[in-house]
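One structure below.
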Amino acid sequence: MATRKEELSKLEARGVTGALAEELLARGSASRHGARVMATVKAACNAPFMSVEHRAYALLEVDDPYHRALAACLILADYIGTGGTRDLGGLGCGTPRMPFFEKLGSGRWKANDGAAYRSASVDAFQQLMPPDWVIGPIEEDYEEGGSPWILGVHPHGNDQCGLTFSYFPQPWRRNLTIQVAAAVVSGEWPEWLEVILPRSMVDFTSSAEAWSATANVEAK
């Protein structure tokens, strides 16, 4: 997908400059953004661990709310990032993208097209995430001595019918878990998180103990 700079170069090669070039670039901006949104949706829905019957479907064809929710949260985890070059968590998103999204544009957040794809990720997440679904700790079967909690997504008020993020690549899953847990327990919702994940999409009914256990198992 051509960037704005590449489109401008094409126009200038045809002798189109100045006000006319800016007008043509502005007209193409919405279509470029829409193409990035759809490419992000398809990349999430094509993740290898997604259900086979929906794997190749695009946005309007994914009717299963479980599939939509999991794909949306994959986009969210990719957006929040690894938290730095050593994958130790933190506010910086780092430059690596999940393997599922590496073929989108430059495939890195800190690149010329990084901001454009971050904007596309926000819209892709919001379009895919089913209404009244929330992200929060999910209790699952576990071996003795382990933690029963892992972050996941479920219909509001029904965490028994949720899906966990256990198949997400660990550096991204870890930072997603720690950052959301910190925001919930502290009550401070950072602006960078609010951009993509409003409070209404997070389970505030879970205890601080459950959020802490979920974050602690990822921090090991």
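So that you can scan it fast, the table gives a plain yes or no per residue for (1) touching a Phe, Trp or Tyr at 6+ places or on another chain (Cβ under 8 Å); (2) hydrophobic (A, V, I, L, M, F, W, C); (3) in the same structural domain as L74 (by TED's automatic domain parsing):
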residue	(1), (2), (3)
R118	yes, no, yes
D123	no, no, yes
W172	no, yes, no
Q179	no, no, no
V184	yes, yes, no
P198	no, no, no
D203	no, no, no
A215	no, yes, no
**Request:** For the stretch 150-209, enumerate the residues that are part of a helix (DSSP H, G or I) and of a type in the set (G, A, S).
**Result:** A181, A182, A183, S186, S200, A208
**Complete:** The one condition S166 fails out of (1) surrounded by fewer than 21 Cβ atoms within 10 Å (Cβ to Cβ); (2) at pLDDT 90 or above; (3) polar (S, T, N, Q) is (2)
**Message:** Restricting to the stretch 12-31, name every residue that is within 18 Å of A116 (Cβ to Cβ) and either of a type in the set (F, W, Y) or in contact (Cβ under 8 Å) with a residue 12 or more places away in the chain (or both).
**Reply:** L24, L25, G28, S29
**Request:** Specify which of the listed residues (R32, R86, R4, R68) is modelled with pLDDT under 80, closer than 23 Å to D123 by Cα and charged (D, E, K, R).
**Result:** R4
**Request:** Identify the residue in the stretch 89-102 that is on the phi > 0 side of the Ramachandran plot and crowded, with 21+ Cβ neighbours inside 10 Å and, among all such residues, is modelled with the highest pLDDT.
**Result:** G94
**Prompt:** What number goes with the only condition from (1) surrounded by fewer than 19 Cβ atoms within 10 Å (Cβ to Cβ); (2) at pLDDT 95 or above; (3) touching a strand residue (DSSP E or B) at 6+ places or on another chain (Cβ under 9 Å) that V122 does not pass?
**Reply:** (3)
**Prompt:** Which condition breaks for E191 when tested against (1) touching a residue at least 24 places away in the same chain (Cβ under 8 Å); (2) closer than 28 Å to F100 by Cα?
**Reply:** (1)
**Asked** For residues in the stretch 46-65 being modelled with pLDDT of 85 or more and assigned to a loop (DSSP other than H, G, I, E, B), which is surrounded by the most Cβ atoms within 10 Å (Cβ to Cβ)?
**Response** A47
**Message:** Please go through the stretch 154-178 and give me each residue that is small (G, A, S) and closer than 21 Å to F49 by Cβ, ordered by number.
**Reply:** G162, S166
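The values are calculated or read from the model by the stated rules, or taken from the named source; none is laboratory data. Keep in mind that what you see is a predicted model, and the values were worked out from it rather than measured. Note: ideal-geometry Cβ built from the backbone for every residue, glycine included; neighbour counts use all protein chains shown.
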